[in-house]
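Q: Below you will find the structure I want to go over with you.
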Amino acid sequence: MELILRDGRLPNGESIDIGLDHGSICALEPHLAASAAAEITLGGKLVSPPFVESHIHLDSALTVGQPRWNQSGTLFEGIEIWRDRKQSLTLDDVKARAIATLKLQAQQGVLFVRSHADVSEANLIALKALLEVRDIVKDWITVQVVAFPQDGLYGSPGNLELMEEALKLGADAVGGIPHYEMTREDGVESVHHIFELAQRYDRLIDIHCDEIDDDQSRFLEVVAACAVRSGLGSRTTASHTTAFASYNNAYAFKLMGLLARSQINFIANPLINITLQGRTDTYPKRRGVTRVKELWQQGLNVSLGHDCVQDPWYSLGSGNMLDVASMAVHVCQMTGQAEIAACFDMITTNGAKTLALGESYGLAVGKPANLIVLDADSPYDAIRRRATVTHVFSHGKLLVQTKPPEVKWE
Ligand code: FE2
């Protein structure tokens, strides 16, 4: 074999040696007797499948301040700023920022990314650019593209045609934003249309759903009902669902039963929603993050996303998924031992399930050798210290190495 990683530790705590050969994992045992052309001793460091960024907008990444800063900090001012910025989009502009962001992510252990591409823009430049990027980077990072109608499917004439054109061009998933449509009826209609398109074009579904503090925003039940009726639950994702945090408990209890039946996936974006939501509240001020802990306790698949890196909605963002997991631990009060471990799953295996990566993801003999090493001894340690990802292996090749900071007392 080409390479052996010795004395690593899996997220479940087991000690492990890992053999890599021809781009695949060829051995996975506590103590490998074989030798290899090259060996790296990890000294008990955490070895994990790569991080999965299940929700980001690469088309708007790295545009903060262009043409102006979001002073109110609201979702709606962000949409207005982006409407102005996207007038000057070019293929090269989007591609350069997307690839720079993917590099930022990959060097911090992310090798699977689902990005939304705004398709409510007349020339589909964002979508075409991200489809090109998906191909350009495919040898080292896997990108899925969601056709996302930022201004609503019914917000402007022609948006429906743009969505369909995006699917014909090869978008991986159908997106939506029912809570931003002009009326509740339009929102419900948009969800039905999204499911119809997903079936017609055989695509995944990922809907920005109820990303608002309005306790009357109830499109999640429409998504779940459509998933039950179509049988597309495992291929469907509800992103954000922040209104779920504001629903009364009687309704939330009833809804949870339907969600369990639907088996849809959820993505929470705690970094951005803790800053975007609650902006119209005085005090007490809502957190505006969906019921992550309760969905997880219900056995539903929840993953976490960064959502934005330096764009009109979120001027911060590091590309580091451990920042996202750490924020989830805090905001969702998931501080129990099993809960912290679950937050690590939400940026790894749960994200892989959301992206429907199937058998290609994970640490097992015969799978592609995609894995990361962290300067930590457990998922808890990694999240607590936002540990450095020291090695990133993509398809068996060392893609990036980073040295942890050295502290020297005099
Ligand atoms: Fe988003």
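Q: Using DSSP, restrict attention to beta bridges with both residues in region 4-65 and report what percent are antiparallel, rounded to the nearest 5.
A: Values: 9 of 14 bridges.
Bridges in region 4-65 are about 65 percent antiparallel.
Q: Report the extension gain between W69 and Q298 in nm, rounded to one decimal, defined as 0.36 nm multiplied by the number of residues separating them, less their alpha carbon distance.
A: Extra length available between W69 and Q298 comes to 78.5 nm.
Q: Please check: in the Gaussian network model of the chain (C-alpha springs, under 10 Å), which one of N70, N249, N350 has the largest mean-square fluctuation.
A: In the Gaussian network model the winner is N249.
Q: Let me ask something else. Tell me, in nm to one decimal, what length is gained between H22 and S230 on full extension, where the rule is 0.36 nm per residue of separation less the Cα-Cα distance?
A: 70.8 nm
Q: Where the only charges are on Cβ atoms (+1 Lys, Arg; -1 Asp, Glu), what is the dipole of the chain about its Cα centre, to the nearest 20 debye?
A: 500 debye
Q: How big is the antiparallel share of DSSP beta bridges in region 51-360, given as a percent to the nearest 5?
A: That works out to approximately 5 percent antiparallel.
Q: Could you order H391, H192 by accessible surface area, starting with the largest, using a probe radius of 1.4 Å? Before the final figure, lay out the partial values.
A: On the way: H391 25, H192 85 Å².
The ranking, largest first, comes out as H192, H391.
Q: Given the options I40, I205, I340, state which has the largest fluctuation in a GNM of the chain using a 10 Å cut-off (strictly under) for Cα springs.
A: Evaluated over the chain, the most mobile residue of the options is I40.
Q: While we're looking at this one, here's another question. Please report Rg over Rh for region 112-188, where both radii come from the alpha carbon positions and Rh follows the Kirkwood definition.
A: We get a ratio of 1.02 for region 112-188.
Q: Nearest 500 deg cm²/dmol is fine: what mean residue ellipticity at 222 nm does the chain get from its DSSP H runs of n ≥ 4 alone, each adding -39,500 (n - 2.57), divided by its residue count? Write down the numbers at each step before the final one.
A: Details: 13 runs with 140 residues, N = 410.
Value at 222 nm, helices only: -10500 deg cm²/dmol.
Q: Sticking with this structure for a sec: Projecting each Cα onto the charge dipole of the chain (Lys/Arg +1, Asp/Glu -1 at the beta carbon, about the Cα centre), which of G109, G65, V133 comes out farthest on the positive side?
A: It is G109.
Q: Over region 245-292, how many percent of alpha carbon pairs lie in each 10 Å bin up to the one with the longest distance?
A: All Cα pairs, binned at 10 Å, distribute as 23, 44, 29, 4 percent.
Q: Also, I was wondering about something else. Leaving out same-chain residues fewer than 8 places away, which lysines sit with a Cα under 20 Å from that of K367?
A: K138, K353, K397
Q: Just to confirm a number: summing +1 for Lys and Arg and -1 for Asp and Glu over residues other than D307 whose beta-carbon lies under 10 angstrom from that of D307, what do you get? Please list the in-between numbers first.
A: Values: positive: none; negative: E53, E211, D311.
So the surrounding residues net to -3.
Q: Same structure, new question: Only Cα pairs within less than 10 Å get springs; with that Gaussian network setup on the chain, which residue of R279, R134, R386 has the largest fluctuation?
A: The residue with the greatest mean-square fluctuation here is R279.
Q: If you average the C-alpha positions of region 310-366 and of region 156-217 separately, how far apart do those two centres end up, in angstrom?
A: 25 Å
Q: For T388, T335, give me the order by solvent-accessible area with a 1.4 Å probe, most accessible first, ignoring ligands, DNA and RNA. Please report the intermediate quantities before stating the final value.
A: Working: T388 30, T335 100 Å².
Greatest to least solvent exposure: T335, T388.
Q: Accessible area per residue, 1.4 Å probe, Å², for the chain: what's the number?
A: Each residue of the chain exposes 41 Å² on average to a 1.4 Å probe.
Q: Average projected area of the Cα convex hull of region 51-360, in nm²?
A: With the hull built on Cα positions only, its mean projection is 14.5 nm².
Q: Averaging the inverse of every distinct alpha carbon separation and then flipping it gives the Kirkwood radius. What is it for region 66-149, in angstrom units? Please list the in-between numbers first.
A: Values: mean 1/r = 0.0730 Å⁻¹.
Taking every pair of different Cα atoms in region 66-149, averaging 1/r and inverting gives 13.7 Å.
Q: When each pair of different Cα atoms in region 341-385 is counted once in the 1/r mean, what is the Kirkwood radius in angstroms, to one decimal?
A: In region 341-385 this quantity evaluates to 11.7 Å.
Q: For region 270-410, build the convex hull from the C-alpha positions and give me its volume per residue in Å³.
A: Values: hull volume 24.6 nm³, N = 141.
Residue-normalised Cα hull volume stands at 174 Å³.
Q: Just the Cα atoms of region 146-295, one point each, no solvent: what log10 I(q)/I(0) does Debye give at q = 0.10, 0.16, 0.19 Å⁻¹?
A: Evaluating at q = 0.10, 0.16, 0.19 Å⁻¹ gives log10 I(q)/I(0) of -0.33, -0.83, -1.14.
Q: Give, as a single signed number, the net charge of other residues whose beta carbon lies under 14 Å from the beta carbon of V146, with Lys and Arg counted +1 and Asp and Glu -1.
A: Around V146, the charge tally is -2.
Q: Enumerate the helices in the chain for which the Kyte-Doolittle hydropathy averages -0.5 or more and the C-alpha atoms extend at least 18 Å along the helix's axis, using complete DSSP H runs. Mind showing how you got there, number by number?
A: Working: long enough: 91-106 (22 Å, 0.24); 184-201 (26 Å, -0.78); 249-262 (19 Å, 0.51).
Helices meeting the span and hydropathy rule in the chain are 91-106, 249-262.
The values are calculated or read from the model by the stated rules, or taken from the named source; none is laboratory data. The model shown is predicted, which means the values in this text are computed figures rather than measured ones. Neighbour counts are summed over all protein chains in view; Cβ atoms, including those assigned to glycine, are modelled from backbone coordinates with ideal geometry. All accessible areas refer to the heavy atoms of the entire protein, side chains included, with ligands and DNA or RNA removed. Shrake-Rupley method; radii C 1.70, N 1.55, O 1.52, S 1.80 Å.
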